[in-house]
Amino acid sequence: MADTIFDKIIRREIPADIVYEDDEVLAFRDLNPQAPVHVLFIPKKAIPTLDDAKPEDAALLGRLLLAIAEYARREGFAEQGYRAVSNCREYGGQTVYHLHVHLLAGRHLKWPPG
Ligand code: DGP
């Protein structure tokens, strides 16, 4: 499977502002933030896109989402609200092919997106 910039962040080969880590999940601030809070939550397991996730990844995907919810509560913006979104492939706007969920918060986000 092709190595991505996120694999290098997991292996600490390139720096990142890491805000959360457990045995299966890593979260770090996006290099190009689109909101006052913009954190990427990734599984350490290299799954390229959501479309590549398998039934055996169900618990991992659940942990990813629960890690986001827990982080939002801990950082104090859960009640105000936030967005968790995963871009899949070209039309979804995915640029890094290591599954990730964007956590965006700290401003009123528009819907629908462009
Ligand atoms: P996506 O377009 O959904 O694949 O989002 C990829 C995000 O990854 C994008 O918002 C910018 C971010 N990104 C790309 N390279 C790096 C990097 O080296 N470090 C960090 N922290 N974020 C990165």
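Between 0 and 90 degrees, the angle of helix 58-75 with respect to the longest Cα principal axis of the chain falls at about 30 degrees. Applying the criteria of a DSSP loop state and at most 15 other Cβ atoms within 10 Å to the GluC sites (Glu not before Pro) of the stretch 1-49 yields Glu13, Glu24.
Database remark: amide H of Lys44 closer than 5 angstrom to the amide H of Val25, Leu26 (H placed geometrically; neighbours at sequence offset of 5 or more, or on other chains; Pro and chain starts carry no H). Taken over the C-alpha atoms, the chain has Rg and Dmax values of 13.6, 39 angstrom.
Under 5 Å from the amide H of Leu109 lies no amide H of any residue 5 or more positions distant or on a separate chain, with H modelled from the backbone and absent for Pro and chain starts. Ignoring the sites themselves, the chain has its longest run without trypsin sites (Lys or Arg not before Pro) in a DSSP loop having at most 14 other Cβ atoms within 10 Å at 46-106. Distance between the modelled labels on Asp57 and Asp22, one decimal in nanometres: 1.8 nm (7 Å Cα→Cβ projection). For the chain, the number of Lys pairs separated by eight or more positions or lying on different chains, with C-alpha atoms closer than 29 Å, is 5.
Shape analysis of the stretch 17-82 yields a ratio of the Cα radius of gyration to the Kirkwood radius, Rg/Rh, of 0.98.
No value in this document is a laboratory result; all are computed from the given coordinates. The structure presented is a predicted model; accordingly, all values stated were derived computationally and were not measured. Ideal geometry is used to build each Cβ from the backbone, glycine not excepted, and the neighbour counts take in all protein chains shown.
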